[in-house]
Amino acid sequence: MIEFKGVHKWFKKLHVLNNIDLLVKKGEVVVVCGPSGSGKSTLIRTVNALEPISDGILTVDGVKVSDPKTDINKLRTEVGFVFQQFNLYPHLNVLDNVTLAPRKVKNIPKKQAEDFAMELLTKVGMENKKNSHPSQLSGGQQQRVAIARGLAMQPKIMLFDEPTSALDPEMIGEVLKVMKDLAVGDITMMVVTHEMGFAREVADRVIFIDQGSIVEEAPPEDFFNHPKSDRAQKFLKQVL
Ligand code: ADP
Ligand code: MG
């Protein structure tokens, strides 16, 4: 579903992704962790072309992302993205936040888009807030709506960039629960998170990245019980 082959990314002289090779299969849940500034956000942002790569080959669902002929808008309909900051449209209510893209981008009729949106809002436990505006919701509620909004396009891939980092502690669990339920299905997920409990329980694989390179790649039980590198051991001491 996602394949990086020798991918590099520079911001001017800063080498942010260094020769990334990574294969993510359909339905897999991959957790990406590593120190701050190691390139985690940049890595997942390349998948829906929010950041263009500088070198190498990146293929998403059979499409070469860096190919100038690739229809980036079409790619983005297949890749949902949930950010640390919830990024809901502040002037739209919950239902309109979730139906906007399907209606505008896919031309889904209003009624049909709303029916599906209500299904998704029920899944994330937000069906009774459909008329609320984002400012009337807690951070955890906004993030659950953001996940429903991402799913509204029926993406094959969902990317999460520290989806719980901006939340008060008591709200982290409700968002992780929604992500956990999602992980059971056949959607492919790449999740940047410091929630090592989530990684242990839900991830098929953990990728540890440091200074732009993948340093370790292992099933969670191996990564947590027997981290091979000094850098991963040091990182785990800090977050666990
Ligand atoms: P992480 O998500 O692991 O904290 P990032 O991928 O956000 O790391 O950033 C990796 C490095 O790239 C950092 O040194 C960061 O300052 C730098 N960086 C990120 N985005 C940009 C940008 N748009 N322009 C210049 N440098 C950037
Ligand atoms: Mg980041």
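The values are calculated or read from the model by the stated rules, or taken from the named source; none is laboratory data. What you see is a predicted model; the values in this text were computed from it and never measured. Here the Cβ positions follow ideal geometry from the backbone for every residue, glycine too, while neighbour counts run over all protein chains shown. What goes into the accessible areas is simple: the full protein's heavy atoms, side chains included, and nothing from ligands, DNA or RNA. Shrake-Rupley method; radii C 1.70, N 1.55, O 1.52, S 1.80 Å.
Data overview
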| quantity | calculated |
| --- | --- |
| Matching option when the condition is touching a strand residue (DSSP E or B) at 6+ places or on another chain (Cβ under 9 Å), surrounded by fewer than 17 Cβ atoms within 10 Å (Cβ to Cβ) and at pLDDT 95 or above, among 104, 5, 13 | 5 |
| Residue in region 62-82 that is modelled with the lowest pLDDT, counting only those that are open to solvent by less than 30 Å² (accessible area, probe 1.4 Å) and in a loop (DSSP other than H, G, I, E, B) | 70 |
| Residue ID - farthest from ligand 1 (Cβ to nearest atom), chosen from residues in region 30-41 that are in contact with a Lys or Arg (Cβ under 6 Å, 6 or more places away or on another chain) and not in a loop (DSSP other than H, G, I, E, B) | 30 |
| Only listed residue being under 20 Å from the mean Cα position of the chain (by Cα) and among the charged types (D, E, K, R), chosen from 115, 61, 96, 55 | 61 |
| Subset tally (residues that are within 16 Å of ligand 2 (Cβ to nearest atom) and either assigned to a strand (DSSP E or B) or without any contact (Cβ under 8 Å) to a residue 60 or more places away in the chain (or both)) for region 43-61 | 3 |
| Checking residue 85 against (1) modelled with pLDDT under 95; (2) under 30 Å from residue 237 (Cβ atoms); (3) of a type outside the set (Lys, Arg); (4) crowded, with 18+ Cβ neighbours inside 10 Å, the condition it does not meet | (4) |
| Residue list for region 165-194, filter: surrounded by 17 or more Cβ atoms within 10 Å (Cβ to Cβ) and either free of Cβ contacts under 8 Å to residues at least 24 places away in the same chain or more than 20 Å from residue 42 (Cβ to Cβ) (or both) | 167, 171, 172, 174, 175, 176, 178, 179, 182, 183, 187 |
| Residue match in region 18-29 (condition: part of a loop (DSSP other than H, G, I, E, B), within 16 Å of ligand 2 (Cβ to nearest atom) and under 17 Å from residue 206 (Cβ atoms)) | no |
| Close pairs from region 102-125: first without any contact (Cβ under 8 Å) to a residue 12 or more places away in the chain and farther than 12 Å from residue 153 by Cα, partner of a type in the set (Ser, Thr, Tyr) and open to solvent by less than 60 Å² (accessible area, probe 1.4 Å), Cβ under 8 Å, at least 6 apart | 110/99 |
| Test for residue 138: is it more than 20 Å from the chain's Cα centre (by Cα), open to solvent by 30 Å² or more (accessible area, probe 1.4 Å) and over 19 Å from residue 180 (Cα atoms) | yes |
| Near pairs, Cβ below 8 angstrom, 6+ apart or cross-chain, from region 78-98 (of a type in the set (Val, Ile, Thr) and more than 16 Å from ligand 2 (Cβ to nearest atom)) to any residue that is assigned to a loop (DSSP other than H, G, I, E, B) and open to solvent by 30 Å² or more (accessible area, probe 1.4 Å) | 79/156; 94/130; 94/131; 94/133 |
